[in-house]
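Enquirer: Have a look at the structure that comes next, please.
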Amino acid sequence: MFYERLKEQASEKKKSFNDIEKELNYGKNTLYRYKVQNPTQERLIELAKYFDVSVDYLLGLNKNTSTENNDLTEEENDLVRAFRIESEDMSEEEQAQFNKSLKDMMKIAKDLLNDDSNWKK
């Protein structure tokens, strides 16, 4: 799905992959390789920004090209993007375990934040 979305976005911008690779300082055939391999998180975010679409859209997780959830801050949107990238190849059971562990970690982080002794020098 990712490769197809790349082709679609390039076509909409009336740009060849070669043009895009030059503009983004990518090596030759970088975008063609995404037929068989996944981009890094950094590259995925960079391409989403270049095309002004959401990471979810490029990954085929969303039909909407919108780049943001308007109710979230930019930092929160970054966390959502990272979460989706890290969990995209997990089974439903693995995602449920991943979600639970993240929620547990957030509770621990909040407790640490609220404990002033962690922040005194």
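The values are calculated or read from the model by the stated rules, or taken from the named source; none is laboratory data. Please read all numbers here as calculations on a predicted model, not as lab measurements. Ideal geometry is used to build each Cβ from the backbone, glycine not excepted, and the neighbour counts take in all protein chains shown.
Enquirer: Checking Phe17 against (1) closer than 27 Å to Phe83 by Cα; (2) buried (at least 17 other Cβ atoms within 10 Å of the Cβ): exactly one of these is not met. Which one?
Expert: Of everything listed in (1) closer than 27 Å to Phe83 by Cα; (2) buried (at least 17 other Cβ atoms within 10 Å of the Cβ), Phe17 misses just condition (1).
Enquirer: Next up: Please verify whether region 42-49 includes one or more residues that are loosely packed, with under 15 Cβ neighbours inside 10 Å and touching a residue at least 24 places away in the same chain (Cβ under 8 Å).
Expert: no
Enquirer: May I ask you to list the residues in region 81-100 that are loosely packed, with under 10 Cβ neighbours inside 10 Å and part of a helix (DSSP H, G or I)?
Expert: Selection gives Glu92, Glu93.
Enquirer: Okay, next question. Quick one: would you say Asp89 is modelled with pLDDT under 85 and of a type in the set (Asp, Glu)?
Expert: Answer is yes for this residue.
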